[in-house]
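Okay, structure first, notes after.
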Amino acid sequence: MTPAVTLVQDLTAAGFVALALAIAYRWYRERGHAQGKLAASLLALAFVAGFSRLPPSAFLSVVLVIAFMLSGFFVLLFRNDFVPLSRRVYLAAYVLLGVSIVVGVLDVVALQHASPLLMSAAAFVLITAWAIFTGEPIVRFWLASNSLPAVQKARMRFLSLGFAVLIAILFVDVLGGSALQSPAALIITQLLALAVVPLIFVSLAPPALLRRIWRMGEENALRPAMQDLLIFSSNQQELADRAVFWAVRLLGATAGFIADAKGNVIASVGIDADRPVASISGQGDETHQVVRAPLHLGDEGHGTLAVVGGRFTPLFGTDEISQLRAYANSVSAGLQRVRVTERMAAIEKNKSQFLNLASHELRGPVTVIRGYVSMLEGGLLGNLNERGRKAAGVMAAKVSEMNELIEEMIEAARLEEGGLTLRPVDADLREIARSAVATVAPLADSHHRVVLDLPERRVRVRLDPDRTRTIIANLLSNAIKYSPGGGEITCQVRARAGVARVAVTDQGLGIARDALPILFTRFGRVITPQTEHLQGTGLGLFLGRQLARLQGGDITVASVEGEGSTFTLQLPVAGAAEAAPPPSSPAKAESDGAGAAGQPSGAPQARAQR
Amino acid sequence: MAAGPALLYWFPDEAGPATAGRSRTPYLGHQVLARRGSAIHVLMIEDDAAIAEMYRLQLEHDGYTVTVATTGELGFSTLSGSTPNIVLLDLLLPDQSGFEVLASLNARLPNHPPVVILSNYGEPSMIDKGRALGAVEYLVKSRVTPAEISGQIPVWVERGRRGRQES
């Protein structure tokens, strides 16, 4: 025996002892139930490796044979913890253990001087028994690893591989006989055995770097899935369903569920609907199989993300279990986001429903008031004196305002419920603008001049004429309303490059730059000392823009505070190719009751945009 | 500022007086027409007493004969007893919907007088349904005044008469 062989043998023995001590220490620290058996197996193996380095004696040989057989048997027990063996197989394993120990002891005590063949046969029986004890579990681990996440898969395969190498070495040793007694062969087999040490160590306590490498491919798939899960899940149920699915996949588990703060299961995977969840999440025998992570659900308390571990999850999923907790935090955030979104959607819906209901209920009383006021005004209920007529006139105006508000609310509710139907027809935008100007004419004071600036050629559009008239009339009435000092209000119609524009320009109060974004929001009104006494619903521009957009257009605004505003309604020209705008000077038309026109076209707009 | 004209900006092509029927005749003209005082008999099926009373006031002032029925069933008994020239029909009635009244009217009295629906609802689907059931007009109550309705009645009666002749 050369010193090199001795050295390698010592090294191998030391390696196994170190491995066994490391695993035993880990087991002692964490008291992992299942790892105990494996630690015992490795300790027995290390015992064999270590004490076989001592000078041989019959007693030591007997002890070593027993320790060796136990090291294999513990691997079987380890596997039995995950997948229980049938009673018969279990008994057979004990019988095999007994027989092999008896053979081993006989081999040491009685067969020392028997024929080498008999000794080889005894050794063959021993390693066959050992190979059965360890071989069955490693095949099972290898097969089971296929359905598991990357880290668990790698760990199980390393364990299988480690024991497979040991089995191979033992068989080669015994069957090879004297042919393998050369120093080189000994060194090779010892080095192979030594290589098993890191394999088994890595399988039981994989370093972070390795875990990261193993997991890399999986994480690349998980990341978009997480993003999809947390950002794009539109409701709580969908998110919970997907979250459970991924949690189960992440851990390589068999089932999982999410329970809310009250303990109600809101989503589950792989759980029999008939089976009460309490039996899974309860304190029964299976408790150790359920991996739970808390979900922080804000003011509602804590829910649970629970995963029912697969057969090998508790041992090989330690990493994933800590990952599951981090994952649960993300799911909590996602659930809260969805909850807020859902709550807001419900509020929005209630608002729309309220708007709808209230407005229809308001129509009844308004009908009666409006009817009687009109009859009062018409003198049908008797002649009124001067003051009475004046009062009736004010009432009629106010009830009209009310009616306008109701109609706006109904239109807004309709818009949000998607119940708004447009009735597009071919029309001339000039005609629509003309009738809109006529509608608002009564609103204009003597110091307002409403100027209608139309092109000579017709502006062909395909749209809902009544709603478009409504949009323009609303822009005009706003222009009048927000020009308390009077001035010119221009309604200019143009078509260029397939886009028709109706620009309504005033010389009124204008709008501060930072107030512009709220103009087009529902109920968004710009309140300033100058405008607070002016009445409005804050729905007009919201509806106007929505209706314009529904027709393929938009409304934009340009304004200078204190100088005036220009609101521009843009609409697509029908058959845009045909509608090349003529550069001719536009014809101007005055609206009813408005003052003299004559300002160069486009000038007010330029002023407001300055 | 002129307070007179009702400024209904949100006045789409649904159930508004501006587009009553397909004719865009000014109301004033019809009002004058109505004041000639014909012997037109109006049946109003309407459960809101305030509205019914208001309309009765206007219509009787304009020379019409007015009968008010507060339920669909009462409306039917009036129709089988006498023959009104026009029916103003509400949609929300205590015993049945106005659509049901109109449908059974079509079934039981094929030659029934023209029916004008006056409702608080102006949803496009309801207007389409009303028209499909043969109503000569569908109007939203809050958008019209009794005087406007009164002025339009001769037109509707005439339209109903012509419609029956054609069929």
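What follows draws every value from the coordinates through simple rules; no lab data is involved. No experiment lies behind these values; they were computed from the predicted model shown. Counting neighbours? That spans all protein chains shown, and the Cβs are built from the backbone with ideal geometry, glycine included.
What the table below lists for this structure:
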{"quantity": "Test item: Cα-centred dipole of region A:79-196, Lys/Arg +1 and Asp/Glu -1 on Cβ, debye", "calculated": "500 debye"}
{"quantity": "Whole-Hz ³J(HN,Hα) from phi, Karplus 6.51 cos²θ - 1.76 cosθ + 1.60, for region A:469-477, glycine and proline x", "calculated": "4, 4, 4, 5, 4, 5, 4, 5, 5"}
{"quantity": "Additional length obtainable on full extension of the chain from A:Gln237 to A:Arg423, 0.36 nm per residue less Cα span", "calculated": "63.1 nm"}
{"quantity": "Alpha carbon convex hull of region B:40-166, volume per residue in cubic angstrom", "calculated": "95 Å³"}
{"quantity": "Charge-dipole axis of chain A as Lys and Arg at +1 and Asp and Glu at -1 on Cβ define it, positive-most pick from A:Val174, A:Ser86, A:Pro365", "calculated": "A:Val174"}
{"quantity": "Residue-averaged [θ]222 nm for chain A, counting only DSSP H segments that reach four residues, each worth -39500 (n - 2.57)", "calculated": "-20500 deg cm²/dmol"}
{"quantity": "Extension gain from A:Val63 to A:Met344, taking 0.36 nm per residue of separation minus the Cα-Cα distance", "calculated": "93.7 nm"}
{"quantity": "Helix A:87-109 axis, angle to chain A major axis (alpha carbon atoms, nearest 10°)", "calculated": "40 degrees"}
{"quantity": "Computed label-point distance, nm, for sites A:Phe51 and A:Ile188 using a 7 Å Cα→Cβ extension", "calculated": "3.2 nm"}
{"quantity": "Global size of region A:301-428 as Cα Rg and Dmax, reported in angstrom", "calculated": "30.0, 97"}
{"quantity": "Difference of contour (0.36 nm per residue) and Cα-Cα distance, A:Ser330 to A:Glu401", "calculated": "20.5 nm"}
{"quantity": "Peptide-level mean, for B:122-131, of C-beta atoms on other protein chains within 10 Å", "calculated": "2"}
{"quantity": "Cβ-based exposure ranking for A:Arg155, B:Arg56, A:Arg414, in which fewest neighbours within 10 Å come first", "calculated": "B:Arg56, A:Arg414, A:Arg155"}
{"quantity": "Degrees separating the helix A:58-82 axis from the principal Cα axis of chain A, which is the longest one", "calculated": "20 degrees"}
{"quantity": "Pair A:Phe354, A:Asp554: separation of 7 Å Cα→Cβ label points (nm)", "calculated": "3.2 nm"}
{"quantity": "Value of D in µm² per second that Stokes-Einstein yields for the protein assembly as shown, Kirkwood Rh from Cα pairs, at 10 °C (1.306 mPa s)", "calculated": "46 µm²/s"}
{"quantity": "Number of partner chain Cβ atoms within 10 Å, mean per residue of B:141-151", "calculated": "6"}
{"quantity": "Compactness relative to 2.2 N^0.38 Å, alpha carbon Rg of region A:3-206", "calculated": "1.02"}
{"quantity": "Note, ³J(HN,Hα) from phi for region B:129-143, Karplus 6.51, -1.76, 1.60, rounded to Hz, x at Gly and Pro", "calculated": "5, x, 5, 5, 7, x, 5, 6, 7, 10, 10, 8, 4, 6, 9"}
